[in-house]
Amino acid sequence: GENVGLHLPTLSVQEGDNSIINCAYSNSASDYFIWYKQESGKGPQFIIDIRSNMDKRQGQRVTVLLNKTVKHLSLQIAATQPGDSAVYFCAETRRPLSGYSTLTFGKGTMLLVSP
Amino acid sequence: EPEVTQTPSHQVTQMGQEVILRCVPISNHLYFYWYRQILGQKVEFLVSFYNNEISEKSEIFDDQFSVERPDGSNFTLKIRSTKLEDSAMYFCARWGGGPGANVLTFGAGSRLTVL
């Protein structure tokens, strides 16, 4: 079946470096993508989202890039801080967002930030 | 802070026992989700529940699982006869509660350990 997956299970960076977390998806009908951050013992927390009609979206220290040609999504974190250490998941919906869509999650990447 | 409260935060049970996990929304919403996360793995969709009926369910959500909203407020996930492989974090989620309406907001989760 269709799946959303990640290339790197663990990413280790130094504080202050920029981090890039990647995600691949296989369903060309995917319309909406979200990045979530999950700290130990907590539920996933929304970071940033992007619709399929966009290539790039920026937030505070985070940027999401969408390449529909190769079905690739990335999350860039600028000036990574120790508090950014967590597992990051990409998620997608397979139909136009109505507010009631089911999200499908990728496998997750652990980001480890060293001081 | 999540807008859904989940109880218990952690439950340990014997294999074959029934377990009920609860989700209490702060605001009145009709549409809810249950997701599961086995330790170290991705977040998996279980079931969506709208207006007191199951809207969509995954292959994981077999006859051992049920959901209901018994008193119009609490939203419950019941596992009738737990198996070892049911050990996981269970998250309740709803749309909204974040930066915009198009955000799936998760509770802190209930950790289920089946011995």
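When the criteria are applied in full, residue A:12 fails the requirement of being without any contact (Cβ under 8 Å) to a residue 40 or more places away in the chain and farther than 26 Å from residue B:110 by Cα. Looking at A:31, A:17, A:84, A:49, which one is acidic (Asp, Glu) and touching a Lys or Arg at 6+ places or on another chain (Cβ under 7 Å)? Within the list A:31, A:17, A:84, A:49, the selection yields A:31. Here residue A:45 does not fit the description of being of a type outside the set (Ser, Thr, Tyr), free of Cβ contacts under 8 Å to residues at least 12 places away in the same chain, within 14 Å of another protein chain (Cβ to nearest Cβ) and farther than 30 Å from residue B:49 by Cβ. Only a single criterion out of (1) polar (S, T, N, Q); (2) surrounded by 18 or more Cβ atoms within 10 Å (Cβ to Cβ); (3) within 14 Å of chain B (Cβ to nearest Cβ) is not satisfied by residue A:80, namely (3). Of the residues making up the range B:32-63, those that are without any contact (Cβ under 8 Å) to a residue 60 or more places away in the chain, surrounded by 14 or more Cβ atoms within 10 Å (Cβ to Cβ), closer than 22 Å to residue B:10 by Cβ and not hydrophobic (A, V, I, L, M, F, W, C) are B:36, B:42, B:44.
Go through (1) of a type outside the set (Ser, Thr, Tyr); (2) at pLDDT 90 or above; (3) surrounded by fewer than 21 Cβ atoms within 10 Å (Cβ to Cβ); (4) in contact with a Gly (Cβ under 7 Å, 6 or more places away or on another chain) for residue A:107 and report which single condition fails. The single condition residue A:107 does not satisfy is (2). At least 1 residues being modelled with pLDDT of 95 or more and open to solvent by 80 Å² or more (accessible area, probe 1.4 Å) is the threshold, and among the strands (runs of 3 or more DSSP E) wholly inside the range A:23-72 those reaching it are A:56-58.
The values are calculated or read from the model by the stated rules, or taken from the named source; none is laboratory data. Source: prediction; values computed, not measured. Heads up, the Cβs are rebuilt from the backbone with ideal geometry, glycines too, and the neighbour counts pull from every protein chain shown. Accessible surface is based on the protein model in full, side chains and every heavy atom, while ligands, DNA and RNA are left aside. Shrake-Rupley method; radii C 1.70, N 1.55, O 1.52, S 1.80 Å.
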